[in-house]
Amino acid sequence: MTDCANLTLPPDISHTSADIDIRAAEQTWIRIPRKTDAAAIHRLISECPPLDLNSVYTYLLLCEHFPRTCIVAGRGGTLDGFISAYLPPQRPGTLFVWQVAVHERARGKGLARRLLSELLQRPGLDAVQYIETTVGPENAASRGVFTGLARQLDAHVHEEPCFQPELFGAESHEDEPLLRIGPFGAA
Ligand SMILES: CC(C)(COP(=O)(O)OP(=O)(O)OC[C@H]1O[C@@H](n2cnc3c(N)ncnc32)[C@H](O)[C@@H]1OP(=O)(O)O)[C@@H](O)C(=O)NCCC(=O)NCCS
(Lines give C-alpha, C1' and ligand atoms only; values in the text may rest on other atoms or scores of the structure.)
Protein backbone atom coordinates (compact mmCIF):
# COMPACT_ATOMS: atom_id res chain seq x y z
CA MET A 1 0.00 0.00 0.00
CA THR A 2 1.38 3.43 -0.87
CA ASP A 3 1.66 6.13 1.79
CA CYS A 4 -1.03 8.22 0.19
CA ALA A 5 -3.46 5.33 0.07
CA ASN A 6 -3.21 5.10 3.86
CA LEU A 7 -5.66 7.84 4.61
CA THR A 8 -7.31 6.62 7.79
CA LEU A 9 -5.94 5.36 11.08
CA PRO A 10 -6.99 1.76 11.66
CA PRO A 11 -8.87 1.33 14.93
CA ASP A 12 -6.29 0.04 17.43
CA ILE A 13 -6.86 0.59 21.12
CA SER A 14 -3.43 -0.82 22.07
CA HIS A 15 -1.73 2.47 21.08
CA THR A 16 -1.01 5.28 23.54
CA SER A 17 -2.15 8.82 22.73
CA ALA A 18 1.50 9.75 21.98
CA ASP A 19 1.67 6.91 19.40
CA ILE A 20 -1.54 8.14 17.83
CA ASP A 21 -0.22 11.74 17.66
CA ILE A 22 2.89 10.54 15.82
CA ARG A 23 0.91 8.36 13.43
CA ALA A 24 -1.57 11.17 12.78
CA ALA A 25 1.36 13.43 11.88
CA GLU A 26 2.55 10.81 9.35
CA GLN A 27 -0.88 10.30 7.85
CA THR A 28 -1.50 11.84 4.43
CA TRP A 29 -4.59 14.01 4.15
CA ILE A 30 -6.19 15.15 0.89
CA ARG A 31 -8.82 17.86 0.64
CA ILE A 32 -10.31 20.84 -1.19
CA PRO A 33 -8.07 23.93 -0.79
CA ARG A 34 -9.02 26.91 1.38
CA LYS A 35 -7.83 30.48 1.04
CA THR A 36 -5.69 29.95 4.15
CA ASP A 37 -3.65 27.47 2.03
CA ALA A 38 -2.61 30.06 -0.60
CA ALA A 39 0.66 31.16 1.04
CA ALA A 40 1.74 27.54 1.60
CA ILE A 41 0.82 26.66 -2.00
CA HIS A 42 2.96 29.59 -3.20
CA ARG A 43 5.87 28.26 -1.15
CA LEU A 44 5.35 24.69 -2.42
CA ILE A 45 5.39 25.87 -6.04
CA SER A 46 8.54 27.92 -5.37
CA GLU A 47 10.18 24.66 -4.24
CA CYS A 48 9.00 22.65 -7.28
CA PRO A 49 10.97 23.80 -10.32
CA PRO A 50 10.45 23.99 -13.26
CA LEU A 51 6.91 25.18 -12.43
CA ASP A 52 6.23 28.87 -13.02
CA LEU A 53 5.79 30.65 -9.70
CA ASN A 54 2.63 32.77 -9.77
CA SER A 55 1.73 35.44 -7.24
CA VAL A 56 0.16 34.56 -3.88
CA TYR A 57 -2.88 36.46 -5.18
CA THR A 58 -3.22 33.94 -8.05
CA TYR A 59 -3.28 31.07 -5.54
CA LEU A 60 -5.79 32.99 -3.39
CA LEU A 61 -8.07 33.28 -6.43
CA LEU A 62 -7.72 29.57 -7.19
CA CYS A 63 -8.60 28.65 -3.59
CA GLU A 64 -11.47 31.12 -3.42
CA HIS A 65 -13.05 30.68 -6.88
CA PHE A 66 -11.95 27.21 -8.08
CA PRO A 67 -11.69 25.02 -4.94
CA ARG A 68 -13.82 22.25 -6.45
CA THR A 69 -11.36 21.73 -9.30
CA CYS A 70 -8.20 22.15 -7.21
CA ILE A 71 -6.80 19.80 -4.56
CA VAL A 72 -4.18 19.84 -1.80
CA ALA A 73 -2.45 17.09 0.17
CA GLY A 74 -0.11 17.04 3.12
CA ARG A 75 1.02 15.42 6.34
CA GLY A 76 0.43 17.04 9.69
CA GLY A 77 0.76 20.78 9.13
CA THR A 78 2.93 20.44 6.01
CA LEU A 79 1.65 20.87 2.48
CA ASP A 80 3.12 18.25 0.15
CA GLY A 81 0.96 18.40 -2.97
CA PHE A 82 -1.24 20.71 -5.01
CA ILE A 83 -3.08 20.59 -8.32
CA SER A 84 -4.80 23.56 -9.90
CA ALA A 85 -7.37 22.93 -12.59
CA TYR A 86 -10.53 24.45 -14.02
CA LEU A 87 -13.35 23.76 -16.47
CA PRO A 88 -12.79 25.97 -19.55
CA PRO A 89 -16.21 27.58 -20.18
CA GLN A 90 -16.15 26.88 -23.92
CA ARG A 91 -15.16 23.22 -23.57
CA PRO A 92 -17.81 21.21 -21.74
CA GLY A 93 -16.52 17.86 -20.52
CA THR A 94 -12.90 19.04 -20.38
CA LEU A 95 -10.83 19.63 -17.23
CA PHE A 96 -7.78 21.80 -17.85
CA VAL A 97 -4.98 20.95 -15.41
CA TRP A 98 -2.72 23.95 -14.81
CA GLN A 99 -0.07 23.06 -12.20
CA VAL A 100 0.77 19.75 -10.58
CA ALA A 101 3.26 19.92 -7.71
CA VAL A 102 4.47 17.30 -5.24
CA HIS A 103 7.28 18.30 -2.92
CA GLU A 104 10.53 16.31 -3.21
CA ARG A 105 9.94 14.82 0.26
CA ALA A 106 6.70 13.17 -0.93
CA ARG A 107 7.62 12.09 -4.47
CA GLY A 108 7.67 8.60 -5.95
CA LYS A 109 4.76 7.31 -3.84
CA GLY A 110 1.92 7.82 -6.29
CA LEU A 111 0.69 11.10 -4.76
CA ALA A 112 0.38 13.03 -8.05
CA ARG A 113 -1.55 10.15 -9.61
CA ARG A 114 -3.74 9.85 -6.49
CA LEU A 115 -4.58 13.57 -6.54
CA LEU A 116 -5.55 13.46 -10.23
CA SER A 117 -7.75 10.40 -9.62
CA GLU A 118 -9.40 12.05 -6.59
CA LEU A 119 -10.15 15.15 -8.67
CA LEU A 120 -11.82 13.09 -11.38
CA GLN A 121 -14.01 11.41 -8.75
CA ARG A 122 -15.32 14.69 -7.31
CA PRO A 123 -19.06 15.25 -7.48
CA GLY A 124 -19.65 17.66 -10.34
CA LEU A 125 -16.68 16.37 -12.34
CA ASP A 126 -18.29 13.07 -13.28
CA ALA A 127 -19.14 14.44 -16.74
CA VAL A 128 -15.45 15.12 -17.48
CA GLN A 129 -14.29 13.01 -20.42
CA TYR A 130 -11.08 14.82 -21.35
CA ILE A 131 -8.10 16.20 -19.45
CA GLU A 132 -6.02 18.88 -21.08
CA THR A 133 -2.70 20.27 -19.94
CA THR A 134 0.37 21.86 -21.45
CA VAL A 135 3.69 20.12 -21.01
CA GLY A 136 7.13 21.37 -21.99
CA PRO A 137 9.01 18.98 -24.29
CA GLU A 138 11.79 18.62 -21.70
CA ASN A 139 9.54 17.96 -18.68
CA ALA A 140 9.92 14.18 -18.42
CA ALA A 141 8.24 14.07 -14.99
CA SER A 142 5.17 15.85 -16.24
CA ARG A 143 4.98 13.65 -19.33
CA GLY A 144 5.38 10.61 -17.08
CA VAL A 145 2.46 11.73 -14.89
CA PHE A 146 0.10 12.38 -17.79
CA THR A 147 1.01 9.38 -19.94
CA GLY A 148 0.64 7.23 -16.79
CA LEU A 149 -2.80 8.75 -16.20
CA ALA A 150 -3.82 8.10 -19.81
CA ARG A 151 -2.75 4.47 -19.41
CA GLN A 152 -4.72 4.19 -16.17
CA LEU A 153 -7.80 5.63 -17.88
CA ASP A 154 -7.21 3.56 -21.02
CA ALA A 155 -7.43 6.82 -22.95
CA HIS A 156 -5.79 8.21 -26.06
CA VAL A 157 -3.23 11.08 -25.83
CA HIS A 158 -3.28 13.73 -28.54
CA GLU A 159 -0.60 16.44 -28.72
CA GLU A 160 -0.84 19.72 -30.64
CA PRO A 161 0.82 23.17 -30.60
CA CYS A 162 -0.61 25.58 -28.02
CA PHE A 163 1.56 28.25 -26.36
CA GLN A 164 4.70 28.80 -28.46
CA PRO A 165 7.73 30.55 -26.87
CA GLU A 166 7.10 33.85 -28.73
CA LEU A 167 3.69 34.20 -27.02
CA PHE A 168 5.47 34.76 -23.69
CA GLY A 169 6.84 38.13 -24.86
CA ALA A 170 10.12 39.20 -23.28
CA GLU A 171 10.05 36.27 -20.88
CA SER A 172 12.19 33.36 -21.97
CA HIS A 173 9.86 30.37 -21.79
CA GLU A 174 9.91 26.94 -23.34
CA ASP A 175 7.23 25.75 -25.74
CA GLU A 176 4.01 24.55 -24.05
CA PRO A 177 2.25 22.12 -26.41
CA LEU A 178 -1.21 20.89 -25.43
CA LEU A 179 -1.82 17.30 -24.34
CA ARG A 180 -5.42 16.15 -24.63
CA ILE A 181 -6.24 12.89 -22.88
CA GLY A 182 -9.53 11.13 -23.54
CA PRO A 183 -12.27 10.36 -24.01
CA PHE A 184 -12.62 8.35 -20.81
CA GLY A 185 -15.48 7.32 -18.56
CA ALA A 186 -15.54 7.22 -14.77
CA ALA A 187 -11.97 7.36 -13.36
C1 LIG B 1 5.99 15.52 -11.47
C2 LIG B 1 5.58 15.33 -10.03
C3 LIG B 1 4.26 16.04 -9.77
C4 LIG B 1 5.41 13.80 -9.79
O5 LIG B 1 4.88 13.60 -8.47
P6 LIG B 1 4.89 12.14 -7.81
O7 LIG B 1 3.91 12.14 -6.69
O8 LIG B 1 6.28 11.74 -7.50
O9 LIG B 1 4.36 11.25 -9.03
P10 LIG B 1 3.71 9.80 -8.92
O11 LIG B 1 4.50 9.00 -7.93
O12 LIG B 1 2.24 9.92 -8.69
O13 LIG B 1 3.96 9.21 -10.36
C14 LIG B 1 2.97 9.26 -11.38
C15 LIG B 1 3.59 8.78 -12.68
O16 LIG B 1 4.56 9.74 -13.13
C17 LIG B 1 5.81 9.09 -13.33
N18 LIG B 1 6.88 10.01 -12.91
C19 LIG B 1 6.95 10.67 -11.73
N20 LIG B 1 8.10 11.37 -11.69
C21 LIG B 1 8.74 11.13 -12.86
C22 LIG B 1 9.97 11.57 -13.41
N23 LIG B 1 10.79 12.41 -12.73
N24 LIG B 1 10.31 11.15 -14.66
C25 LIG B 1 9.49 10.34 -15.36
N26 LIG B 1 8.30 9.86 -14.89
C27 LIG B 1 7.94 10.27 -13.65
C28 LIG B 1 5.76 7.88 -12.43
O29 LIG B 1 6.64 6.87 -12.89
C30 LIG B 1 4.31 7.45 -12.54
O31 LIG B 1 4.13 6.74 -13.75
P32 LIG B 1 3.12 5.50 -13.85
O33 LIG B 1 1.73 6.10 -13.69
O34 LIG B 1 3.37 4.99 -15.23
O35 LIG B 1 3.45 4.57 -12.73
C36 LIG B 1 6.68 15.87 -9.07
O37 LIG B 1 7.91 15.26 -9.40
C38 LIG B 1 6.86 17.39 -9.19
O39 LIG B 1 6.15 18.14 -8.54
N40 LIG B 1 7.83 17.82 -10.01
C41 LIG B 1 8.16 19.25 -10.15
C42 LIG B 1 7.02 20.02 -10.75
C43 LIG B 1 6.60 19.52 -12.12
O44 LIG B 1 7.39 19.20 -13.00
N45 LIG B 1 5.26 19.49 -12.28
C46 LIG B 1 4.64 19.10 -13.50
C47 LIG B 1 4.07 17.78 -13.30
S48 LIG B 1 2.63 17.47 -14.23
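The values are calculated or read from the model by the stated rules, or taken from the named source; none is laboratory data. Computed from a predicted structure; not experimentally measured. Backbone-built Cβ (ideal geometry, glycine too); neighbour counts: all protein chains shown. Quick note on the areas: whole protein, heavy atoms, side chains included, nothing else; ligands and nucleic acids left out. Shrake-Rupley method; radii C 1.70, N 1.55, O 1.52, S 1.80 Å.
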### Message
Yes or no: segment 150-163 includes at least one residue that is modelled with pLDDT of 95 or more, charged (D, E, K, R) and closer than 25 Å to residue 68 by Cβ.
### Response
no
### Query
Of all the residues that make up segment 31-52, how many are open to solvent by less than 60 Å² (accessible area, probe 1.4 Å) and within 12 Å of the ligand (Cβ to nearest atom)?
4
### Task
Would you confirm whether any residue within segment 53-72 is out of contact with any Leu (no Cβ under 7 Å at 6 or more places or on another chain) and within 12 Å of the ligand (Cβ to nearest atom)?
yes
### Message
Condition check: among the hydroxyl-bearing types (Ser, Thr, Tyr), free of Cβ contacts under 8 Å to residues at least 40 places away in the same chain, within 11 Å of the ligand (Cβ to nearest atom) and open to solvent by less than 70 Å² (accessible area, probe 1.4 Å). Does residue 147 satisfy that?
### Response
yes
### Query
Conditions: (1) acidic (Asp, Glu); (2) touching a strand residue (DSSP E or B) at 6+ places or on another chain (Cβ under 8 Å); (3) more than 14 Å from the ligand (Cβ to nearest atom). Residue 118 meets all but one. Number of the miss?
(3)
## Note on the structure
Apart from one, (1) hydrophobic (A, V, I, L, M, F, W, C); (2) more than 17 Å from the chain's Cα centre (by Cα); (3) modelled with pLDDT under 95 all hold for residue 140; the odd one out is (2)
